[in-house]
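The values are calculated or read from the model by the stated rules, or taken from the named source; none is laboratory data. This is a predicted model, so every value here is computed, not measured. Here the Cβ positions follow ideal geometry from the backbone for every residue, glycine too, while neighbour counts run over all protein chains shown.
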């Protein structure tokens, strides 16, 4: 991965480590490698602010943060991000049952259409992960 000078900050490095642990190094490295002069500031902000500032806070564990992300992304109807964060939730130790319960909880509070899209996105990732484990 090519290092951009603006990525050379302590908060970026701290956020990058957590981002890679949760979302997977391949995904994160691909996003950073694609950064150009237009998108690099967004990558810097996301890595420092979301991962370096928020995910490093001591008040919640990573499993809880993953549950919150799945619920919020369902409420926002963001299936692409749900897929990414289902993998992150598994990486953070959530079980398939816990992921299902979070999504079932969203049916009541976010609505059936949003929860249906979330279930579809989560099922796609869970099936991929199961297939990867069989290889």
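Of all residues in the range 10-32, count the ones that are over 19 Å from residue 81 (Cα atoms) and out of contact with any helix residue (DSSP H, G or I) (no Cβ under 7 Å at 6 or more places or on another chain). So the answer is 3.
Somewhere in the range 43-52, is a residue in a helix (DSSP H, G or I), touching a helix residue (DSSP H, G or I) at 6+ places or on another chain (Cβ under 9 Å) and closer than 15 Å to residue 119 by Cβ? No: zero hits. If you scan the range 37-50, which residues turn out to be within 22 Å of residue 68 (Cα to Cα) and more than 15 Å from the chain's Cα centre (by Cα)? Selection gives 45 alone. When residue 102 is tested against (1) more than 16 Å from residue 23 (Cα to Cα); (2) exposed (fewer than 13 other Cβ atoms within 10 Å of the Cβ); (3) at pLDDT 95 or above, exactly one condition is not met: (2). For residue 44, the conditions (1) closer than 29 Å to residue 130 by Cβ; (2) surrounded by 14 or more Cβ atoms within 10 Å (Cβ to Cβ); (3) not assigned by TED's automatic domain parsing to the domain that holds residue 130 all hold with the exception of (1).
Which residue, of 89, 131, 71, is more than 15 Å from residue 23 (Cβ to Cβ), surrounded by 14 or more Cβ atoms within 10 Å (Cβ to Cβ) and free of Cβ contacts under 8 Å to residues at least 40 places away in the same chain?
Values: 89 fails: more than 15 Å from residue 23 (Cβ to Cβ); 131 fails: surrounded by 14 or more Cβ atoms within 10 Å (Cβ to Cβ).
Selected residue: 71, the only one of 89, 131, 71 that is more than 15 Å from residue 23 (Cβ to Cβ), surrounded by 14 or more Cβ atoms within 10 Å (Cβ to Cβ) and free of Cβ contacts under 8 Å to residues at least 40 places away in the same chain.
If you go through the range 23-40 and keep only what is touching a residue at least 24 places away in the same chain (Cβ under 8 Å), part of a helix (DSSP H, G or I) and over 13 Å from residue 3 (Cα atoms), you end up with 23, 27.
Tell me whether the range 52-62 contains one or more residues that are under 15 Å from the mean Cα position of the chain (by Cα), surrounded by 14 or more Cβ atoms within 10 Å (Cβ to Cβ) and closer than 25 Å to residue 107 by Cα. Yes, because at least one residue in the range 52-62 is under 15 Å from the mean Cα position of the chain (by Cα), surrounded by 14 or more Cβ atoms within 10 Å (Cβ to Cβ) and closer than 25 Å to residue 107 by Cα.
Picking from 114, 34, which residue would you name as being more than 15 Å from the chain's Cα centre (by Cα) and in the same structural domain as residue 9 (by TED's automatic domain parsing)?
Working: 114 fails: in the same structural domain as residue 9 (by TED's automatic domain parsing).
Answer to the check: 34.
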